[in-house]
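Structure first, then comments.
All of the numbers you see were taken from the coordinates with simple rules; none came from a lab. Model, not experiment: these values are computed from the prediction. Cβ atoms come from the backbone with ideal geometry, glycine included; neighbour counts cover every protein chain shown.
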Amino acid sequence: MSNEFLNKEKVADFLKANREDFKQKLLSEAVNVGSKINDILEKGNIDLLKNAELLAHYIVENREEELIEFAKVEGVAWAQHSLTLAFKLEWVHAIRRTLWHFLYQYENKNEDHESPRKKFFDLEKSINDRVDQFLNNFFISYSDYKDDQILSQKKLVENLSVPIIPINSSIAVLPLIGMIDTHRVNTLEEKVLMGISSMKIQTLIIDLSGIAEMELDVIFQFEKILNGINMMGCKAVLTGLRVELVRKIVDSGVAFDGQIETKGTLQQTLKEHLVLESGVQI
């Protein structure tokens, strides 16, 4: 709603004329944040005092579009530099209290009679609604940026967890390291099949020497991946099978068909396949 009961220009001028008092009052309201102002400026190039003054003017001058855009920019900036949300919340509430203090000072200075009750409540709703509008847009912007960042990092980790390394135009190596759980084996299936198609791989050497553990349900899913590799016309070669993993595969009843080769080491496997392909003894 419009705050026609406030002379926006005069209030803005009043805030400008009392800029230093506004800053001092703000710092006294936000004790915890006040000691971190220089740290935040150095870490994120964010001038809290300057931005607080800017926000106060957006609020009293009813510049809604600029306030919302400012909130979004601030949200991204704080998310980018991983600044503490608790500080931001304390700081904005301090701005709210400080702004009300100066509006009270302005009213006392400029009115000859006591403000009607309705006028006060209209002003209270208008000012607080805008502060809350800033906070809402700030937190949404902060959260969206963080969610996008987490999703991007997740995709990066997924790609790194399935590193298909081309050796030549037809042979590639897939070294698997660490724990393979249900989520990772699903990612493995997608990345391997897409990789075979896009890279035109004819032989995929899967090295399991770095696998720490593979649960029973993952072994069954892994068998399906190997079948899928064969269905795409690609030859799968397993290397580096540890005794513990072999025993678990045998106990599970999974039997890789004759189309799957198993070799001792990755080094020996690469040597054999490169010799076969080139026809030259190395």
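Listed values, structure above:
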quantity	calculated
Long-range HN-HN contacts of Ile211 with modeled amide H, under 5 Å	Gly178
The stretch 181-192 - phi-based ³J(HN,Hα) in whole Hz, Karplus 6.51/-1.76/1.60, Gly and Pro as x	9, 4, 5, 5, 5, 5, 5, 4, 4, 5, 5, 5
Dipole in debye (nearest 20) - the chain, about Cα centre, beta carbon charges: Lys, Arg +1; Asp, Glu -1	420 debye
Set of the stretch 55-78 residues, backbone N closer than 18 Å to the point 7 Å along the Cα-Cβ line of Lys125	60, 62
Label-point gap, in nm, between Glu215 and Ile177 - each point 7 angstrom along Cα→Cβ	2.3 nm
P(r) weight above 17 Å for the stretch 168-207, C-alpha pairs, percent	31 percent
Radius of gyration and Dmax over the Cα atoms of the stretch 221-270, both given in Å	11.3, 30
Pairwise FRET efficiency - Lys224 versus Gln202, Cβ, R0 = 22 Å, nearest 0.05	0.60
Matching label, percent of Cα pairs over 24 Å apart computed from the structure shown, candidates (1) 54; (2) 64; (3) 49	(2)
Cα long-axis angle, helix 8-17 against the chain (0 to 90 degrees, to the nearest 10)	90 degrees
Selected from Val254, His81, Ser141, residue furthest toward positive end of dipole (the chain; charges at beta carbon)	Val254
Derived scalar couplings ³J(HN,Hα) [the stretch 34-47; Karplus, 6.51 cos²θ - 1.76 cosθ + 1.60; whole Hz; x for Gly, Pro]	x, 6, 9, 4, 5, 4, 5, 5, 6, 6, x, 6, 10, 8
Point-charge dipole on Cβ atoms (K/R +1, D/E -1) for the stretch 1-69, about Cα centre, debye to 20	280 debye
